[in-house]
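Undergrad: Just passing along the structure, written as C-alpha cells.
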Amino acid sequence: MSGPAPVRVAAVDLGATSGRVMAGRVGERILQLDEVHRFPNGGVRARGGLFWDVLGIHREVLAGLRTVARTGPLHGIGIDSWAVDYGLLDRDGLLLGNPYSHRDARTDGVMEQVLQTVSGPELYATTGLQQLPFNTIYQLVAARGTAALESAESLLLLPDLLGYWLTGTVGAERTNASTTQLYDVRAREWALDLAKRLGIPWAVLPPLRDAGDRVGPLLPEVAHHLGVGDEVPVIAVASHDTASAVVAVPAQDEAFAYISSGTWSLVGLELDEPVLSEAARLADFTNEGGIDGTVRFLRNVTGLWVLSECLRAWGDDRATRVELRTLLAAAADAPAARTVVDVNDPRLLPPGAGAHDAMPARIVRLAEEAGEPIPRTPVAVTRCILDSLALAYRRQLRTAAELAGRRVEVVHVVGGGSQNELLCQLTADACELPVLAGPAEAAALGNVLVQARTLGAGVPDLASMRDLVRRTHDVRQHLPRAGVDWDAAESRLPLKDGGLPV
C-alpha cells in the first residue's frame with residue numbers, strides 16, 4: 001500500500017544579505033530542494049535612516065514563485081525571514097513607509113529608557129527574551145510620536161507582511177512574534193499590558209497564529225500573476241528563519257545543542273518549557289518560540305557577519321583582495337588561538353563606513369584593547385574571528401546546558417556556516433564535543449517540512465520531519481582534537497558578553 005502522494009511547495013527564505021525562492025518536494029522517502037531564484041538583499045540608506053526595500057523583496061518573491069509555478073505543480077507557499085523588523089499598514093491596508101532595518105541607529109539608547117519604566121527582571125519574567133537593542137519593542141518605543149505609528153492600523157513582521165500581500169490576511173506567526181519582546185512566553189499571547197505601559201499602541205498587534213496554520217488562499221490577482229489557481233494556500237511556517245532551521249536539525253534524541261550559523265549565530269537548546277531564572281536573565285539568554293510549543297533557549301552571537309564585512313572591506317582594497325577559499329585554507333595553518341576577541345562586542349554590529357571604521361580595523365582595535373597580539377594580515381584576522389567564534393560557541397553552549405540542566409552529547413551546526421569546515425572543526429575542538437555539520441539549507445528545509453505536514457505528506461510530527469532529514473541528507477562529522485588549551489584562551493576573554501563563569 002503506497003503512502004501519501006508527494007507534494008511540491010515553494011519556500012521563500014529571506015536573509016539580511018540575500019533571499020531565495022526554493023522548490024521543495026516532500027514525500028515518504030523524499031526531501032528535495034531546488035533553488036529557482038536568488039536575489040541580493042541589504043539595507044538602503046535614505047535621509048539618515050537604514051531601511052529595507054521591502055517592495056523590491058516582494059517583486060523578487062513573486063518572480064521566484066512564478067518560476068516555481070512554471071516548472072511544476074504548486075501545492076503551497078511558505079515564507080521565513082530574519083526577526084524583529086516590521087512594516088506598518090494604514091486603515092486601507094497600505095504600507096506606511098519602508099520598514100526600518102534593525103541595524104538602524106534610531107534605537108541607540110532606547111533600551112536604557114525602557115528599563116527606567118519596566119525593570120529588566122520584570123521584562124524577562126514576561127518575555128524571557130535576551131536584551132538586544134534592536135528588538136521590536138525598542139524599535140516601537142523609538143517610533144513613538146511618529147506619523148507612521150500614530151496612523152497605523154496593523155503591524156506586520158516581515159514574513160507576515162509578504163504573506164499579507166499574497167493573501168490579504170493579517171496575522172502574526174508565533175515563532176517570529178516571540179522575538180519582539182512584546183510576547184508573553186508562558187501565555188503564548190501578546191503582552192498587551194507591557195505595550196500599554198510603554199506607550200506602544202497595542203491595537204496594532206495582529207492576531208496570532210501557529211506554524212502550520214493556513215494563512216489563506218492567494219488573492220485572485222496574485223494567482224493570475226503566478227499562473228496558478230487561487231486555491232493554492234499560503235501556509236504559516238515557522239516564520240523566524242532560525243525556528244525553521246531548528247525544525248530541520250537532524251537530531252535523534254534530546255541530548256543535542258544546535259548552532260544555526262549564518263550572518264548571526266544562534267546557539268542553544270530545544271526545550272519544552274522556558275528557563276526564566278535570574279541566572280538565565282543575567283546570562284542574557286533568550287526563550288524564543290519553536291514549532292509545536294517548543295522553546296528555543298539560545299543566545300545570539302555575532303556570527304559570520306564579521307567575516308563577511310571583512311571580506312567586503314578587503315575586496316574594496318586591491319592590496320588585500322583575496323578569495324574566501326584561499327583565506328580559509330591559509331587560516332587553517334595559522335597558529336591556533338593566538339589572538340581572540342569578544343565577537344559580541346556591540347562595536348562589531350554596524351556595517352563599516354570608511355577605512356577607519358571597516359571591520360578589520362575594528363578587530364585590530366579590540367585586540368589592542370585586550371592586550372592580544374595584533375592580527376596584521378587578512379589571514380591573521382580571519383583566524384582570529386574563527387577562533388573567537390568557536391570560543392563564543394563554547395561559552396554559550398556550556399552556559400545553556402548549565403542553566404537548563406540539560407546534558408549535551410553532540411552539537412548540530414546548520415545553515416550556511418555548516419559549510420565552513422574550519423569553523424566547524426574549531427567548534428568541535430573548543431566545545432570538546434562531536435559536531436555534525438549540515439544541512440546548509442536548514443531554514444528552507446524546515447519551511448517545506450512544515451508545509452508538507454499541513455498538506456498531509458506523511459511527516460505528522462517533529463520526530464518524523466527530522467528522521468526524513470537524516471535519511472535524505474548527509475552530514476559531516478567533526479571530532480574534537482587535542483592540542484590547544486581552550487580554557488586558557490577563554491580566560492583571556494571578558495565576561496561582559498553575558499557569559500557565566502564555567
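Undergrad: If we keep just the residues of the range 316-370 that are in a helix (DSSP H, G or I) and among the β-branched types (Val, Ile, Thr), which is modelled with the lowest pLDDT?
TA: The selected residue is THR326.
Okay, residues lined up against (1) open to solvent by 10 Å² or more (accessible area, probe 1.4 Å); (2) more than 30 Å from ASP13 (Cα to Cα); (3) β-branched (Val, Ile, Thr):
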site: GLY315; (1), (2), (3): yes, no, no
site: ALA367; (1), (2), (3): no, yes, no
site: VAL411; (1), (2), (3): no, no, yes
site: VAL414; (1), (2), (3): no, no, yes
site: GLY417; (1), (2), (3): no, no, no
site: GLU421; (1), (2), (3): yes, no, no
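Undergrad: Within the range 20-40, restricting attention to residues that are free of Cβ contacts under 8 Å to residues at least 60 places away in the same chain and open to solvent by less than 30 Å² (accessible area, probe 1.4 Å), which residue is nearest to VAL68 (Cα to Cα)?
TA: Among those that are free of Cβ contacts under 8 Å to residues at least 60 places away in the same chain and open to solvent by less than 30 Å² (accessible area, probe 1.4 Å), it is ALA23.
Undergrad: Just to be sure I understand, how many residues within the range 456-471 are basic (Lys, Arg) and open to solvent by less than 30 Å² (accessible area, probe 1.4 Å)? Please lay out each step first, then the result.
TA: Kept after step one, since they are basic (Lys, Arg), are these residues of the range 456-471: 466, 470-471.
From what's left, open to solvent by less than 30 Å² (accessible area, probe 1.4 Å): 466.
Residues that pass the stated criteria total 1.
Undergrad: Looking at the range 432-456, I want the residues that are among the acidic types (Asp, Glu) and have a partner that is assigned to a loop (DSSP other than H, G, I, E, B) and open to solvent by 10 Å² or more (accessible area, probe 1.4 Å) with Cβ atoms under 6 Å, at least 6 apart or on another chain. Which pairs are those?
TA: As it stands, the answer is GLU432/PRO480, since those pairs meet every condition given.
One line per residue, one yes/no per condition, for (1) aliphatic (A, V, I, L, M); (2) under 15 Å from GLN396 (Cβ atoms):
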| position | (1), (2) |
| --- | --- |
| VAL267 | yes, yes |
| VAL275 | yes, yes |
| ASP292 | no, no |
| ARG296 | no, yes |
| LEU304 | yes, no |
| TRP314 | no, no |
| LEU324 | yes, no |
| LEU327 | yes, no |
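Undergrad: Filter the strands (runs of 3 or more DSSP E) completely within the range 12-80 down to those with at least 1 residues that are among the acidic types (Asp, Glu).
TA: Output list reads 30-40, 76-80.
Undergrad: Would you list the helices (runs of 4 or more DSSP H) that sit entirely within the range 174-275 and hold 3 or more residues that are open to solvent by less than 30 Å² (accessible area, probe 1.4 Å) and not aromatic (Phe, Trp, Tyr)?
TA: Once the helices (runs of 4 or more DSSP H) in the range 174-275 are filtered for at least 3 residues that are open to solvent by less than 30 Å² (accessible area, probe 1.4 Å) and not aromatic (Phe, Trp, Tyr), what remains is 174-177, 220-226, 241-247.
Undergrad: If you go through the range 444-458, how many residues are hydrophobic (A, V, I, L, M, F, W, C) and outside any helix (DSSP H, G or I)?
TA: Final tally of qualifying residues: 2.
Undergrad: Whether any residue in the range 384-403 is outside any helix (DSSP H, G or I) and open to solvent by 10 Å² or more (accessible area, probe 1.4 Å) is what I want to check. Step through it out loud before you land on a result.
TA: Taking the range 384-403 as the starting set, the residues that turn out to be outside any helix (DSSP H, G or I) are none.
Within the range 384-403, none of the residues are outside any helix (DSSP H, G or I) and open to solvent by 10 Å² or more (accessible area, probe 1.4 Å).
Undergrad: Then there is this: Of everything in the range 396-416, what is modelled with pLDDT under 95 and closer than 15 Å to GLY268 by Cβ? Give them in sequence order.
TA: If we filter the range 396-416 for residues that are modelled with pLDDT under 95, which is where we start, we get 415-416.
If the condition is that a residue be modelled with pLDDT under 95 and closer than 15 Å to GLY268 by Cβ, then GLY415 is the only one that fits.
Undergrad: Assess whether GLU309 counts as being assigned to a strand (DSSP E or B), of a type in the set (D, E, K, R), under 22 Å from ASN344 (Cβ atoms) and open to solvent by 10 Å² or more (accessible area, probe 1.4 Å). Spell out how you get there, then give the answer.
TA: Working: assigned to a strand (DSSP E or B): no; of a type in the set (D, E, K, R): yes; under 22 Å from ASN344 (Cβ atoms): yes; open to solvent by 10 Å² or more (accessible area, probe 1.4 Å): yes.
No; evaluated as a whole, the condition is false for this residue.
Undergrad: Against the definition (among the aliphatic types (A, V, I, L, M), open to solvent by less than 60 Å² (accessible area, probe 1.4 Å) and within 30 Å of GLN131 (Cβ to Cβ)), how does ALA440 come out, yes or no?
TA: The answer is no for ALA440.
Undergrad: If PRO335 meets every condition in (1) within 30 Å of GLU189 (Cα to Cα); (2) out of contact with any Gly (no Cβ under 8 Å at 6 or more places or on another chain); (3) open to solvent by 60 Å² or more (accessible area, probe 1.4 Å) apart from one, which number is that one?
TA: Condition (1) is where PRO335 drops out.
Undergrad: Sticking with this structure for a sec: So in the range 346-365, with the set limited to residues that are under 27 Å from the mean Cα position of the chain (by Cα) and under 13 Å from ARG312 (Cα atoms), which one is least open to solvent (accessible area, probe 1.4 Å)?
TA: Here the answer is MET359.
Undergrad: Which residue is farthest from LEU205 (Cα to Cα), if the candidates are limited to the range 111-169 and must be in a strand (DSSP E or B) and of a type in the set (A, V, I, L, M)?
TA: Top of the filtered list is LEU157.
Undergrad: Please go through the range 97-127 and pick out each residue that is open to solvent by less than 30 Å² (accessible area, probe 1.4 Å) and in contact with a Lys or Arg (Cβ under 8 Å, 6 or more places away or on another chain).
TA: Answer for the range 97-127, where residues must be open to solvent by less than 30 Å² (accessible area, probe 1.4 Å) and in contact with a Lys or Arg (Cβ under 8 Å, 6 or more places away or on another chain): VAL118, GLY120, TYR124.
Undergrad: Here's another thing I want to ask about it. Among the numbered conditions (1) closer than 23 Å to LEU158 by Cβ; (2) under 19 Å from the mean Cα position of the chain (by Cα), tell me where PRO217 comes up short.
TA: Failed condition: (2).
Undergrad: Right, something else. Examine the range 459-471 for a residue that is farther than 21 Å from VAL267 by Cβ, assigned to a loop (DSSP other than H, G, I, E, B), modelled with pLDDT of 95 or more and in contact with a helix residue (DSSP H, G or I) (Cβ under 7 Å, 6 or more places away or on another chain), and state whether such a residue exists. Lay out the reasoning, then the answer.
TA: Filtering the range 459-471 down to residues farther than 21 Å from VAL267 by Cβ leaves 459-461, 463-465, 467-468, 470-471.
Now restrict to residues that are assigned to a loop (DSSP other than H, G, I, E, B): 459-461.
In the following step, the residues that additionally are modelled with pLDDT of 95 or more were identified as 459-461.
Right, trim to in contact with a helix residue (DSSP H, G or I) (Cβ under 7 Å, 6 or more places away or on another chain) and you get 459-460.
Yes, because at least one residue in the range 459-471 is farther than 21 Å from VAL267 by Cβ, assigned to a loop (DSSP other than H, G, I, E, B), modelled with pLDDT of 95 or more and in contact with a helix residue (DSSP H, G or I) (Cβ under 7 Å, 6 or more places away or on another chain).
The values are calculated or read from the model by the stated rules, or taken from the named source; none is laboratory data. All values reported here derive from a predicted model rather than from experimental measurement. Cβ sites come from the backbone with ideal geometry, for glycine too, and all protein chains shown count toward neighbours. Accessible surface is based on the protein model in full, side chains and every heavy atom, while ligands, DNA and RNA are left aside. Shrake-Rupley method; radii C 1.70, N 1.55, O 1.52, S 1.80 Å.
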